[in-house]
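Single-structure report; data block below.
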Amino acid sequence: MSNVSIGNLNNNYFSIDFAGKTDPIDTYNFGRINTGSFRVTAEGFSSGVGMQLLDSQGKVIKDIATNGTNSGTFSIDNLGSASYALKISAPSRDTNYQITLTPDGKVDPLTGLGVDSGFFAVDATGQVGFDWLQDGGSYKGEVAIFSVQGMEKFTPGSPEFIKEAARRALSNSTFGHVVISDPTEGANPQFDGLLGEANYNEGDYSGPKTFAMKPGEAFAVMLVPNGTVQNVFNNPNIGGDKRPLLSLSSTNPMMLGCTVK
């Protein structure tokens, strides 16, 4: 069991944690200064989770459970100025889970960008893993990741947004990394399978790689099909086969499909 003190809930709160037999209930304590809307969303990664919202006297205000690994959400239009506790449990079996607490009509609790897909959450380890399995094209491009925290001040897809995404990816820090560079490395030569086209693999395979990001923050993926992230940073209006594709649903007409662990 763990108890987390959030303080007064003025902004979105996001957390990834664990619940199960050895840690049956996690409690998130928070306060509201003003009366206003409030929403909780939770998801169990391998099993369902239960959510209970209690007032300062321990009285249950809301009590719901998620359906398997689907998200569960409850909203309250007028949650009063008081202290509250949100209890998260795993009634079926052990599972990691993520929760978001959203006050007063805030949008997209994780990114703040108003997008509904194409971003990923860094778990409590702060490590993001990549393994390049197949080089399925003749282009020589790069794949990068970048934190989207604080990027709501840019218009998604704008040159300013693209340049900042590239800058973060090039920083090789918790703000971002270039994770695959086709001109300088190869995919896994042991991979046996077809992904829709021939394998153009060449170069030395670097093996599975992990990159440090900030736990609990959201990040997105950038693919530069036939160029480098540095090309994009130098010219965020770049087009053709060097035009970057971003995983965020609102920033390009075709979303980049990928799996991140």
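Rule-based calculations on the coordinates, nothing more; no lab input. Just so it is clear, the model here is predicted, and its values are computed rather than measured. Cβ coordinates were reconstructed from backbone atoms using ideal geometry, including for glycine residues, and neighbour counts include every protein chain displayed.
Treating the Cα atoms of region 120-246 as identical point scatterers in vacuum, please give the log10 of the normalised Debye intensity I(q)/I(0) at q = 0.18, 0.21 Å⁻¹, two decimals.
These q points yield log10 I(q)/I(0) values of -0.98, -1.21.
So for Val60, Val128, fewest C-beta neighbours within 10 Å to most, what's the order?
In increasing order of surrounding Cβ atoms, one gets Val60, Val128.
Taking neighbour counts of Cβ atoms within 10 Å as a proxy for exposure, in what order, fewest first, do Ser5, Ser71 appear?
Ser5, Ser71
Using the alpha-carbon atoms, what tilt in degrees (0 to 90, nearest 10) does helix 159-170 show relative to the longest principal axis of the chain?
Result, in degrees: 80.
If I model a spin label as a point 7 Å beyond the Cα along the Cα-Cβ vector, how far apart are those points for Ala124 and Gln57 in nm?
Here the answer is 3.4 nm between the modelled labels.
May I ask you to sort Glu217, Glu142 by Cβ crowding, counting other Cβ atoms within 10 Å and putting the fewest first?
By the 10 Å Cβ count, ascending, the order reads Glu217, Glu142.
Could you calculate the contour length gain from Asn11 to Lys153, that is, 0.36 nm times the residue separation minus the distance between their Cα atoms, to one decimal place in nm?
Answer, rounded to one decimal: 49.5 nm.
I want the antiparallel fraction of DSSP beta bridges within the chain, as a percent rounded to 5.
Within the chain, antiparallel bridges account for around 90 percent of the total.
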